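The values are calculated or read from the model by the stated rules, or taken from the named source; none is laboratory data. Just so it is clear, the structure is predicted and the values come from calculations on it, not from any experiment. We place every Cβ from the backbone using ideal geometry, glycine too, and count neighbours over all the protein chains shown.
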Amino acid sequence: MDYIDYIFIKISLWVFTFYGCSHRDFRMFVNLPVRIDILTLLPELLNGPFAASILHRAQEKGLVEIHMHNIRDYATDKHKNVDDYQYGGGAGMVMSIEPIVTIIEKLQKERTYDEVIYMTPDGTLLEQNTCNDLSLKKNLMILCGHYKGIDERVREHFITREISIGSYVLSGGELAAAVLTDTIVRLLPGVLNDETSALTDSFQDKLLSPPVYTRPPEFRGWKVPKILLSGNFPEIEKWREKKAIERTQERRPDLFDE
Ligand code: ADE
């Protein structure tokens with residue numbers, strides 16, 4: 001996307017927001033694929049998640065472009081080193097600044113990025129509202145960390161958002177980047193067959209989803225709640241809402257405090 005496209009999209013978003021149109025309407029109107037660039041030392045770790053199911057179909061339909069960049073390709077020394085000892089001593093290597101900055105600046109020369117995201121356990125915990133927000137962007141760059149992390153100067157000068165997918169440490173940011181990408185892509189219009197199904201996901205209205213059932217209506221004497229078989233849709237809706245509230249109260253009462 002060139003600069004003119006970028007300005008066009010920004011102005012359209014203001015106009016749509018001003019007139020109270022939904023972000024989904026805006027995304028339909030703009031109708032350009034979202035581009036996600038992932039900077040990684042292990043692109044092969046990401047091939048699997050992006051080659052199947054919804055993420056694969058979204059790429060096939062041209063709704064999203066996912067580009068992988070191997071940071072090692074941007075190392076300048078003959079051994080293709082991408083890490084080094086940390087200043088001040090201490091266990092663990094640190095990802096060097098130069099290869100990362102080279103690839104970030106190369107991509108930034110080609111297009112404007114809405115966000116340059118660093119996946120890290122000390123980032124902001126990923127929540128549905130962040131996924132919703134990121135699903136409205138056009139160009140995203142996601143940097144996956146390894147070892148002890150990246151040189152702090154990359155974070156200070158290039159990173160616009162730092163995201164953690166949970167309070168635990170993964171071996172690298174790749175699986176976290178796959179999770180983040182999945183949460184964003186499934187929200188793009190046209191990705192899910194039933195357009196409303198992402199809107200009824202758990203968390204979209206700060207509630208967990210109610211229980212769901214399918215055939216048979218009875219299995220080993222375990223029955224599907226009668227109301228779901230009644231065909232009385234207003235009552236079914238009420239039942240679902242009640243169950244969603246009960247489930248949230250039981251499992252995630254913190255969601256009511258937000
Ligand atoms: N890299 C390692 N652990 C991570 C986590 N929990 N979230 C995001 N990136 C990570």
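Counted as qualifying within the range 82-144 are the strands (runs of 3 or more DSSP E) with 2 or more residues that are farther than 30 Å from Ile11 by Cβ and without any contact (Cβ under 8 Å) to a residue 24 or more places away in the chain, namely 83-85. Can you pull out every residue in the range 133-160 that is over 21 Å from Phe50 (Cβ atoms) and not aliphatic (A, V, I, L, M)? The answer is Asp133, Tyr147, Lys148, Gly149, Asp151, Glu152, Arg153, Arg155, Glu156, His157, Phe158, Thr160. Candidates Ile236, Ile184: the one that is of a type in the set (A, V, I, L, M, F, W, C) and farther than 30 Å from Ile150 by Cβ is Ile236. Filtered by the rule that a residue be closer than 23 Å to Pro49 by Cα and of a type in the set (Gly, Ala, Ser), the range 171-212 gives Ser171, Gly172, Gly173, Ala176, Ala177, Ala178, Gly190, Ser197, Ala198, Ser202. Of all residues in the range 199-238, those that are of a type in the set (Phe, Trp, Tyr), modelled with pLDDT of 95 or more and either buried (at least 16 other Cβ atoms within 10 Å of the Cβ) or in a loop (DSSP other than H, G, I, E, B) (or both) total 1. Confirm whether Thr120 is touching a Lys or Arg at 6+ places or on another chain (Cβ under 9 Å) and within 16 Å of the ligand (Cβ to nearest atom). Yes, satisfied.
Being surrounded by fewer than 16 Cβ atoms within 10 Å (Cβ to Cβ) and either closer than 18 Å to Leu46 by Cα or of a type outside the set (S, T, N, Q) (or both) is not true of Val179. Number of residues in the range 178-198 that are closer than 18 Å to Pro33 by Cβ and either within 15 Å of the ligand (Cβ to nearest atom) or part of a helix (DSSP H, G or I) (or both) equals 6.
Against the definition (part of a loop (DSSP other than H, G, I, E, B) and either in contact with a Phe, Trp or Tyr (Cβ under 6 Å, 6 or more places away or on another chain) or within 22 Å of Leu143 (Cβ to Cβ) (or both)), how does Val169 come out, yes or no? Judged against the criteria, Val169 is a match. Pick from the range 140-166 the residues that are of a type in the set (Lys, Arg) and farther than 12 Å from Tyr118 by Cβ: which of them is farthest from the ligand (Cβ to nearest atom)? Checking each candidate, the answer is Arg153. On the basis of being of a type in the set (Val, Ile, Thr) and within 19 Å of Asp201 (Cα to Cα), does Ile227 make the cut? The answer is no for Ile227.
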